[in-house]
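Notes to accompany the following structure.
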Amino acid sequence: KQEVTQIPAALSVPEGENLVLNCSFTDSAIYNLQWFRQDPGKGLTSLLLIQSSQREQTSGRLNASLDKSSGRSTLYIAASQPGDSATYLCAAREGNYQLIWGAGTKLIIKP
Amino acid sequence: DTEVTQTPKHLVMGMTNKKSLKCEQHMGHRAMYWYKQKAKKPPELMFVYSYEKLSINESVPSRFSPECPNSSLLNLHLHALQPEDSALYLCASSRLPGGAGNQPQHFGDGTRLSIL
């Protein structure tokens, strides 16, 4: 049974720092891995999706990597800003529809 | 702004009420989803519609009744809910169902439901 883990559960860093969020999964047979952000009381915003055949995807200050052999994905945020404060969730897609979710990392960027 | 629109944003109802949640997307997506999210937890899949037909029901109690009237609309009818059903209900859509698509799921902002 697939399990997705995100460590740490919370992270606080000063503004301007580069940071990495981690996501690990137990079964490498995934279709893709998707990173989302969620602001308090809001829905989820899709940030990046990495196909199983890809190694990384980039969007602006965000870079997501995928290493299926080690069961890991990382989300790199460059030059962090207070507006990046949110909860970040990763989800591994199995089968046709099912997303297996991590519990999320709550990120706080201190001005 | 999200491309998946959910109404209402907030809903308070008694255990004997009947209400409906609505979700709309105009991206041409043919898969639509209902999720339930409790505080500080990841979303839990409830239902999946593929080409307007119910594909997945994750053993959801019958007091939740989904409906997909057309390819752009998804409803969730609520009746005789329990206090533990209070949660954020999220709708999502994706371009193609099935393994060939590998398309991201796009989420709405959700409906915050409180059961008194």
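Values quoted throughout were computed directly from the atomic coordinates according to the rules given, and no laboratory measurement underlies them. What you see is a predicted model, and the numbers here were worked out from it, not measured in a lab. Here the Cβ is made from the backbone with ideal geometry for all residues, glycine too, and neighbour counts use every protein chain on show.
Working from Cα pairs under 8 Å separated by at least six residues, relative contact order for chain A is 37 percent. Remark: relative contact order (chain B) = 37 percent; criterion is Cα-Cα distance under 8 angstrom and separation of 6 or more residues.
B:HIS10 sits among other residues whose Cβ lies under 13 Å from its own Cβ, and their net charge, with Lys and Arg +1 and Asp and Glu -1, is +3. Among A:ASN96, A:ASN22, A:ASN32, which one moves the most in a GNM of chain A with springs linking Cα atoms closer than 10 Å? Answer for the Gaussian network model of chain A: A:ASN96.
Can you grab the distance from the C-alpha centre of segment A:1-43 to the C-alpha centre of segment B:1-39, Å, no decimals? When both Cα centres are located, 25 Å separates them. With Cβ to Cβ distances under 12 Å as the rule, what net charge do the other residues near B:PHE47 carry (K, R +1; D, E -1)? With Lys, Arg at +1 and Asp, Glu at -1, the neighbours total -1. Net charge dipole, chain A: roughly 80 debye, given to the nearest 20, about the Cα centre with Cβ charges of +1 for Lys and Arg and -1 for Asp and Glu.
Of A:LYS42/B:LYS19; A:LYS42/B:LYS41; A:LYS42/A:LYS110; A:LYS42/A:LYS68, which ones are farther than 24 Å apart at the Cα? Those over the limit are A:LYS42/A:LYS68.
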